[in-house]
Amino acid sequence: MAKDDYQVIVYQILSYLYNCLKKGIDIEPDYLIANGKLFNINSNYWRFIIYNLHKDGLIDGISLVYTWGDKYPHINDLTNIGITPKGIQFLTDNSFIQKSKELLKDVKGIIPFV
């Protein structure tokens, strides 16, 4: 599994949101953008991931802006993004997510705030 695989990016996003929730700290959008502090992926791939996390009920607090000709909506503001209880369960119970966690530990790519 590569550091830019879907499951790895999902793990990083959900882990960041969950840790911010538990610590009672505000989300820093710079951690969650396509070329941010956690990962470096192209913007279409990032929109695909955020859209699906929202559609699957794993995150909330974002507004989707649909643009003619774009396959995935744009996300204008990440300041109110948060993990849902379903997202927390997905993070803790999903075997693909656990494999992603192990990959990040193995390559020393653990999220800096954990």
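Some values worked out for this structure:
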item: Region 56-75 residues that are modelled with pLDDT of 90 or more and acidic (Asp, Glu), paired with ones that are assigned to a strand (DSSP E or B) and surrounded by 12 or more Cβ atoms within 10 Å (Cβ to Cβ) (beta carbon under 6 Å, 6 or more apart); result: 60/82
item: Filtered residues of region 12-57 (kept if more than 17 Å from residue 77 (Cα to Cα), within 10 Å of the chain's Cα centre (by Cα) and assigned to a loop (DSSP other than H, G, I, E, B)); result: 38, 39
item: Selection count where residues are out of contact with any Gly (no Cβ under 9 Å at 6 or more places or on another chain) and not in a loop (DSSP other than H, G, I, E, B), scope region 58-79; result: 4
item: Hey, residue 61 surrounded by 15 or more Cβ atoms within 10 Å (Cβ to Cβ), of a type in the set (Gly, Ala, Ser) and at positive phi or not; result: yes
item: Neighbours by Cβ (under 9 Å, 6+ apart or cross-chain): first from region 10-36, of a type in the set (Lys, Arg); second part of a loop (DSSP other than H, G, I, E, B); result: 23/113
item: Residue in region 37-54 that is of a type in the set (D, E, K, R) and touching a residue at least 24 places away in the same chain (Cβ under 8 Å) present; result: yes
item: Selection within region 80-114 - assigned to a loop (DSSP other than H, G, I, E, B) and modelled with pLDDT of 90 or more; result: 80, 81, 84
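The values are calculated or read from the model by the stated rules, or taken from the named source; none is laboratory data. For clarity, every value in this text was computed on a predicted model and none was experimentally measured. Positions of Cβ are backbone-derived with ideal geometry, glycine not excepted, and every protein chain shown enters the neighbour counts.
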